[in-house]
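Structure, as structure tokens:
Each reported figure results from applying straightforward, stated rules to the coordinates on display, with no laboratory input. Predicted model only: the values in this text are computed from it and were never measured. Here the Cβ is made from the backbone with ideal geometry for all residues, glycine too, and neighbour counts use every protein chain on show.
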Amino acid sequence: MAIGLLNCPNHNVWHVAERLSCGMLEEVDELARLTQIVNALGPSIVRVTHSMPDLDPEIAGLVIHDELRELRPTSAGLLLAVGVCPAGEPWLRLLERAEAGGFGCVAVKTYGIGERQIAEAAGSGSIPVLLLADEVSWEQLIALLSSAISYSRPAGQGDGGNSLGDLFTLANAVASAIGGATAIADPARRMLAYSTVDGQLIDDTRRQSILDLQVPTDPQIVAEYQAVHSAPGVIEVAGRGTDLPRLATSIRAGGELLGSMWVIDPGEQERELACRRLVEASNIAALHLLRVRTEREGLHRRRSDLLTALLAQADVPHDVMKRLALPATTNARIAALALAEIPPETEPTAAVHQVLDLVTLHCQGELGFSAATAIDDVVYVLLPAPPGRARSLQQRLLAGVAAHVRRSYGYRLRIGAGGEVADLKDAARSREQADRVIQLMGLPSRQSTRTTTTDADIVFAEDVRPQIALLHLAERCPVADRAMDETINTMAEYDRSNNSQYLPTLSSYLQAHGDIAGMARALHVHANTCRYRLSRMKELFDVDLTDADARLVMALQLRLRDLVA
């Protein structure tokens, strides 16, 4: 098995099954805790019943229940109730025997029975019950659980300790055991790990994949990965050109695809053994990927909660930069991503969370860091701003997110980036600016400030500072009150009733700072027409364009009128 490749031969699934069906557990000084095992595997493989006692028992290893054999008392064993339906009298008897025998836990498949019904059947017993995914085979469950127990022990204990190491350790172990260079990729064909065993043959595709940390997007290679992802076992991939032939298998936990493992084909004589070992190794890779994903999801959730508190100006820890894994001297900005267009059948809340997932993915890939959250119908992301080309990097990242969202889901985004702040406790100010930018982008004016693509409009706050200030003014200043602009209202009503153009003429005059030739060009009329309208404006509306204060107030009223329309 895969752990056998890591010098842990007693973790071979069938060897484990033979030993544990007899209740044989090795003796170790320190044991794994049940919660560690559950966290390592994640909710897609195992979950705890709501009725589980408030216990965290130590687990030494697995014992397979056999109805035709006596259940021997075993301290700290995890009993696998193979073939037992978790309801009825046989189930209750098994729980009683397991509790009396000193077992730490009983694990069972639900076989379609609801969790509440299983909990009620278990009653008030004091032994924890774990529910295993029905779609995962017992063989794979044995491998995953055995590996999780071994991995969860303190380093140096038992036969496993921390022997799983990381994916690079696993790749090297597989390459040594099979005799071919090994690589592990995620479902998006990103390179997660690769072997570094001296003397093994490699080819240009492997070399390029390692350099780019991404498998080339050649259509033939993409098709090969799709075939591996959908195949139930190992497939042989023929060599093309200078590429060497390979053996490959998907890495799965139940029905969920976690990635794939590729090995240079060691040759026909070794192929059968290599295929077996490759399948076995995929179980260990599945465990590791599940553990990494669980840790990463927990980290993202903690960062999301911290970012939400920052944006709401709630109390945050004094070491907020450290908790977000940012250098203390790093400036940052908040970007807001709002849905501009989505297909009519799409549920908006689901769309927002899809955007959030992709933002997190891109930030992790581009920056090695991610802190994003969804508030109402907007996704907010914290973008570090290191000195130098910060804005160009942020622009590229946001454009990449928009393109991915458009390609994957058909959504078009409106993206506003707030100003940089030196202290994250001022993040709320950057968020407010990002919101203002989004608000401005909903207006038809100021198109020149946008970076417009087929996927999104992207605007940075520093490019629209005057417009942001006017929005503030429109909400807070009495000059924006409709009751205060009687002249403007009267002029607008007169234009509607008489099909005249006095209000556009006044607006052009103020924007051109009194330049008659300039306003005539803007209005597409003769300069004398402009002069005539200005003189009539004085007669009809008592407008004094020689008064600087009057000009300032009317200019503000006209601009704010457009903003709040």
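A few notes on this one:
- About the Cα centre, charge dipole magnitude for the stretch 167-291 (Lys/Arg +1, Asp/Glu -1 at Cβ), debye: 320
- Residues LEU273 and THR217, FRET efficiency given R0 of 25 Å [Cβ-Cβ distance, rounded to 0.05]: 0.15
- Between SER497 and GLU462, full extension at 0.36 nm per residue minus the direct alpha carbon distance yields a gain of 8.5 nm.
- Near ALA238, once Lys and Arg are set to +1 and Asp and Glu to -1 for all other residues with Cβ below 14 Å from its Cβ, the sum equals -3.
- On the beta carbon distance between ASP305 and HIS526, with R0 = 51 Å, the FRET formula returns roughly 0.20.
- 3J(HN,Hα) from dihedral phi, the stretch 228-238, Karplus parametrisation 6.51/-1.76/1.60, rounded to Hz, x for glycine, proline: 5, 4, 9, 7, x, x, 7, 10, 9, 10, 5
- Exposure proxy ranking for LYS109, LYS425, based on other Cβ atoms within 10 angstrom of each Cβ and starting from the fewest, stands as LYS425, LYS109.
- A cut-off under 15 angstrom between Cβ atoms defines the neighbours of LEU131, and their net charge, with Lys, Arg +1 and Asp, Glu -1, is -1.
- Most positive-pole-ward Cα, SER500, LEU560, ALA527, against dipole of the stretch 478-563 from beta carbon charges: ALA527
- Förster-model FRET efficiency, 41 Å R0, THR490 and LEU361, C-beta, rounded to 0.05: 0.15
- Extension gain for the segment ALA238 to ILE375, taken as residue separation times 0.36 nm less the Cα-Cα distance, is 44.4 nm to one decimal.
- For HIS65, HIS288, order by how many other beta-carbon atoms lie within 10 Å, fewest first: HIS65, HIS288
- Spin-label pair ASP134-ASP56: with each label point 7 Å from Cα along the Cα-Cβ axis, the two points sit 3.2 nm from one another.
- For the pair ASP66 and ASP515, the difference between a 0.36 nm per residue extended length and the Cα-Cα distance amounts to 152.0 nm.
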